[in-house]
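Taking it in order: structure first as structure tokens, then the write-up.
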Amino acid sequence: MADNVEEIQKSIKKYLWIGLILMVFTAITVWLSTVELPTHGLNILVGMIVATFKAGLVALIFMHLNHERPIIYKVLAFTAVFAIVLFVLFYFSKQDPLVFEGFYSIPE
Amino acid sequence: MEIPYTVHARPDTGLYNAKIGIWLFLASEVMLFGGLFSAYIFLRVGADYPWPVWDLDVKLGLINTAVLIGSSVTVVMAWASLKLRRFGQYKLYMAITVLCAGVFMFNKSLEYSAKFKHYAVKLTDGTILTGHLPEDDHHKTIPYQVKFGDITALSLTIPVKNSAVTADPASYVVPHLEGEPKFKTADGKEIVLNAASFAELRAQALAKAAADKKDSASVQLTAVSPLKAAAKPADIFGYTETTITFRDGTVATGKLIDDKMTLLVDGIDTRAVAQPEKSLAFDQRYLAAWQPTFVANRDHHIAEFEKHFPTRDKSKSATLQKESLFLKLHSSTPPAAGEAHGNKHGAEAHAPAEGGHGHGHDYPTVVLEKNDVTFFSNFTPKLNTYYAIYFTLTGLHGLHVIAGALVLGYFLVFNGRMMREDPEHLANRVEVGGLFWHFVDLVWIFLFPLLYLL
């Protein structure tokens, strides 16, 4: 934790820079979404990579996760495991696919 | 009793207690939003319609992203200022943070209200028309109503035993009738139908049903003079050419006057139509004049795509499908030939669906036959799964913004004494509130691209 005056004064500059970087990457996200990549899935992937990078900056710098006590990392490790399970859940649905003809199908 | 370890770290954890508390809370918040993001994936993978992309007002979403990032900077600056005992700066940064929350929610309300006023109408061939309902001279929306005339009789059924539906004409029928609801009962008595007069009729009918050992009682009323009725389709149970069934089961006999829907069309989405240029939207009664514009716009976008990506499969490009088959209308009459796409290419294709509703914009008005409409809704959760998850996620996120702003605002307004006497304690409070605020920002970092852009 940044606790002494000198360190905090240094980190103030850092916070402003990170804010600026986040703004720039937001603009990049918008621009990237207009680029026609081979598949839209790739657009989503690239967009999510940029978003994860931005989220990482917020968590590491603004939320001070780059220098925290071990107990917080232990709590978050559990959270990460359960959150990942949530996101692989939909893979199980592929084992039991629902096949139906929607009224809204892309024309040939 | 004093709460321990609010300022100094607890020896075993190395942290003050509130910090452990907020991180445990944030861990549970990760699971809450994680579950909803997981639901988003399920809904998107399983959607049987083109998932909306660039359907919301991107400019507004971008402004809100900047506002939240800015407030994330100011809240961490507020904490740092407090650590350095610069109280004036702390107050300023905190005030800006709370102000940012206000701006964010104000923009959100603009976005929501635009969606509530915007309608999508699905036609029988799969075409979707988007647009607005007409407005009266005072810019008040005229709701879509089914109109009945010559109502001569009401038939009410009252189940003897408890039932989910029981006749309650005072609440479900009378509000939709025009003029004084004067009726004659079966024994020739003239009444004004209201809660009191119906209670009397109901008691008589139930007594009669009990005497006859029947399961339900019925009441027949004849209008003294023919009545008119008007109701939104959602407020009634159903109707035919000659009857209208209200939500309490009461059936009125009359004549259907009008169930056509007037729509100021701002978009024609033909992505679900086998032959888009023959869409029902281009029927002579509707928007036949726009068909050349549609074809020109479609061919232009397909040619552009073929020029830039000659080897790619056109049917697999969601962007091309939207640009070529979802025509946005910006004027009441079609542009002259050759100007169909004009300089609006790109911008037009990505324009938010709501447009400017009414003011400054003119749209062609169509009067849709009921037989041609299979479904209509404003842009609310019932429209499709995208809007369902959009409102769930942004609504929950908005609640978090409000909660965070309340907490940070409380520190600013009510903790002045703590700031002067025990600034380290307040700094810890601000750090904890700030951690929550950063989390709210972090969620938005994912929400913005997922709901607005991709």
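Throughout, read-outs are computed from the coordinates displayed, never taken from laboratory work. Small disclaimer: the values here were computed from a predicted structure and weren't measured. Note that each Cβ is placed from the backbone with ideal geometry, even for glycine, and that neighbours are counted across all protein chains shown.
For the protein assembly as shown, adding -39500 (n - 2.57) for each run of n ≥ 4 DSSP H residues and dividing by the number of residues yields -16500 deg cm²/dmol at 222 nm.
Sorting the Cα pairs of the stretch A:5-93 by distance into bins of 10 Å, from 0 upward, gives 14, 31, 32, 18, 4, 0 percent per bin. Residues B:W54, B:W290, ranked from the fewest to the most other C-beta atoms within 10 Å, line up as B:W54, B:W290. Exposure proxy for A:T26, B:T6: other Cβ atoms within 10 Å of each Cβ, ordered fewest to most, give B:T6, A:T26.
Be a star and scan the stretch A:38-59 for residues whose amide nitrogen sits under 12 Å from the point 7 Å along the Cα-to-Cβ vector of B:K316. In the stretch A:38-59, the label zone of B:K316 (backbone N under 12 Å from the point 7 Å along Cα→Cβ) covers A:38-42. 3J(HN,Hα) couplings calculated from phi for the stretch B:432-437 with the Karplus curve 6.51 cos²θ - 1.76 cosθ + 1.60 (θ = phi - 60°) are, in sequence order, 5, x, x, 4, 4, 4 Hz; Gly and Pro show x. Remark: spin-label model distance A:A77-B:V367 equals 7.2 nm, labels positioned 7 Å along the Cα→Cβ axis. Arranged from fewest to most other beta-carbon atoms within 10 Å of their beta carbon, A:M63, A:M48 become A:M48, A:M63. Per-residue 3J(HN,Hα) values for the stretch B:306-314, derived from phi via the Karplus relation 6.51 cos²θ - 1.76 cosθ + 1.60 with θ = phi - 60°, read 5, 5, 7, 10, x, 8, 7, 7, 5 Hz in sequence order (x marks Gly and Pro). Counted over all Cα-Cα pairs of the stretch B:118-249, pairs farther apart than 24 Å make up 41 percent. Here's the list of lysines a cross-link from B:K161 could span, going by alpha-carbon distance under 28 Å and ignoring same-chain residues fewer than 8 apart: B:K184, B:K189, B:K208, B:K213, B:K214. Bridging of B:K260 to aspartates and glutamates at a Cα separation below 17 Å is possible for B:E135, B:D235, B:E241, B:D283, B:E369, B:D372, once same-chain residues fewer than 8 apart are set aside. Which one, B:S315, A:P38, B:H397, is farthest towards the positive end of the dipole of the protein assembly as shown when Lys and Arg carry +1 and Asp and Glu -1 on their Cβ? Value: B:H397. Translational diffusion of the protein assembly as shown was estimated from the Stokes-Einstein equation, with Rh taken as the Kirkwood radius over Cα pairs; at 37 °C and 0.692 mPa s the coefficient is 117 µm²/s.
Using only the Cα atoms of chain B, construct the convex hull and provide its projected area averaged over every direction, in square nanometres to one decimal.
Averaged projected area of chain B's Cα convex hull equals 33.6 nm².
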